[in-house]
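The values are calculated or read from the model by the stated rules, or taken from the named source; none is laboratory data. This one's a predicted model, so the numbers in the text were calculated from it and none came from an experiment. We place every Cβ from the backbone using ideal geometry, glycine too, and count neighbours over all the protein chains shown. Only protein heavy atoms, including side chains, enter the accessible area calculation; ligands, DNA and RNA are left aside. Shrake-Rupley method; radii C 1.70, N 1.55, O 1.52, S 1.80 Å.
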Amino acid sequence: MAFVEHLKNCTDCKKEYQELSQAWHALPFDYTEIEVPESLKDEVLGFVFDRKRRSVTETFMTKMSKLAMMLKSQFTPVSASIVAVLLLVTIGFGIANVQDKNRHAENIPIEILAAIPLKAANHSHPGTNGIAYIVQQGSAKNLVVQVHELPSVEASQVYQVWLLKNGTRENGGIFKPDEHGSGILTYQLAAGQTFDQIGITVEPDTNSSQPRGEKIAGS
């Protein structure tokens, strides 16, 4: 973000960025794969799992707020207070149990089972690129998809990930890119679930059970 702000006012950097972009756009289909640096893997996966923890916390607080409103409308102040205390005690024991399980889970290393390069599906957007990881922690297995230089979406449009197995497509989740064209998605794989290819399409809305829009990237 700091570089983007700097780029707005620096003529030299802007010129160099344009030259580098032109060179990159000329080589999307002619490159040699290299091992992704371990530091990059840690940054991507750290961001993903930290965001999931924040999402769970926000959902919990929303539910607690609704519960408080219900108690206020259904019980007298004294009864509501007693119920609230009992709930807090119960929740306290629950949180302690969850934290103990989380501490145990944190000791289980995250293993990267596969890294799958993603590239542009056509010449209309040659700069689009990314990578997908299959990661495992204990018995849980997740697909982490990160894509860059995506065309911007309008209104209700979204990007949708499809997992292909023997010609059959399964919805792997939806996401919207940020203002710089970068997007990230995590999808929990079912036990024993496998796939042959990954495809990413731009869809008119979130209701696609099969692709309706243009394919933008894939493995």
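Looking at region 142-219, which trypsin sites (Lys or Arg not before Pro) are in a loop (DSSP not H, G, I, E or B) and have at most 14 other Cβ atoms within 10 Å?
Hits after loop and neighbour filter: ARG212.
Give the accessible surface of region 119-163 per residue, rounded to a whole number of Å², with probe radius 1.4 Å and ligands, DNA and RNA excluded.
That works out to 40 Å² for each residue.
Can you give the accessible area of HIS125, probe radius 1.4 Å, in Å² rounded to 10?
Answer for HIS125: close to 60 Å² accessible.
If you take the Cα atoms of region 113-219, find Rg, then find the Kirkwood Rh from the mean of 1/r over all pairs, what is Rg/Rh?
With Rg and the Kirkwood Rh in hand, the quotient comes to 0.95.
On a full-extension model of 0.36 nm per residue, what is the gain between LEU20 and LYS8, subtracting their alpha-carbon distance, rounded to one decimal in nm?
Answer, rounded to one decimal: 2.7 nm.
Accessible area of LYS15, 1.4 Å probe, to the nearest 10 Å²?
That residue has around 120 Å² of solvent-accessible surface.
Under 8 Å for C-alpha pairs, at least 6 residues apart: give me the relative contact order for region 105-219, rounded to a whole percent.
Dividing the mean separation by the residue count of region 105-219 yields 26 percent.
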